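What follows is a single structure, written as C-alpha cells, with notes after it.
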Amino acid sequence: MQISEYIRDDLILLDLKAQDKAEAIRKLIDLLQQRGVVKDPDDFFREVMEREKLGSTAVGHGVALPHARTEKLDDIVVAVGRCAEGVDFGADDGQPVHMIFLIGTPPSEVNRYLKLLAGLSRLLRQQQVREAIMSASSESEVREALMDAQQVS
C-alpha cells in the first residue's frame with residue numbers, strides 16, 4: 001500500500017492553529033468539507049470525538065492519528081495538520097502534538113483503512129520523517145517526505 005496515494009496536497013494545513021484537540025480536529029474536518037469530501041461534517045466530527053473518548057489517538061513523538069469509520073465518506077480520506085505550537089492530545093509521553101493525520105473511512109474499507117493506519121504509524125515513528133514533515137515548506141513536500149520514507153522502509 002502506498003500511503004502517499006491517500007495524501008492530497010489540498011488536504012494539508014501547514015499552519016494549523018488550535019487551542020485544543022477538538023478545535024484541531026474540527027479545522028481538519030472543515031477543510032474536508034471545503035474540498036467537498038465529507039457529506040456531513042458535524043456527524044463526522046462527533047464520530048471522531050467519540051473515538052477519542054475511547055482513548056487518545058496521540059501515538060507519541062508529537063503525532064496524533066485521530067480516526068473514525070463513517071458513512072459520511074465515500075472513500076478513505078486523510079487530512080493533515082501541522083501545528084508549530086502544539087496541541088494537547090493527552091499523549092502518554094506528555095508531549096504536545098505537532099502533526100495530526102485525521103483519517104476517515106467508510107465501513108466497507110476497513111481492511112485498507114487498518115493497513116493505512118498501521119503504515120502511517122510505522123513511518124511516523126521515524127525521527128527523520130517527522131523532521132522532514134515539520135520542516136517542509138509546502139504541502140507537496142509533506143507528501144514527498146512520506147513517499148520518500150515509504151520507499152526506504
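Selection within region 76-115: residues that are among the small types (G, A, S) and touching a helix residue (DSSP H, G or I) at 6+ places or on another chain (Cβ under 9 Å). The member of this set that is farthest from Q150 (Cα to Cα) is G90. Residue-level analysis places L28 outside the set of residues that are touching a Gly at 6+ places or on another chain (Cβ under 7 Å), surrounded by fewer than 22 Cβ atoms within 10 Å (Cβ to Cβ) and among the hydrophobic types (A, V, I, L, M, F, W, C). Total residues in region 48-101 satisfying the condition of being aliphatic (A, V, I, L, M) and touching a Ser or Thr at 6+ places or on another chain (Cβ under 7 Å): the figure is 6. The sole residue among V48, V78 that is farther than 15 Å from S121 by Cβ and of a type in the set (A, V, I, L, M) is V48.
Taken together, the values in this text are just the output of simple stated rules run on the coordinates, not laboratory data. What you are looking at is a predicted structure, and each value in this text was computed from that prediction instead of being measured. All Cβ positions, glycine included, derive from the backbone under ideal geometry; neighbour counts span all protein chains shown.
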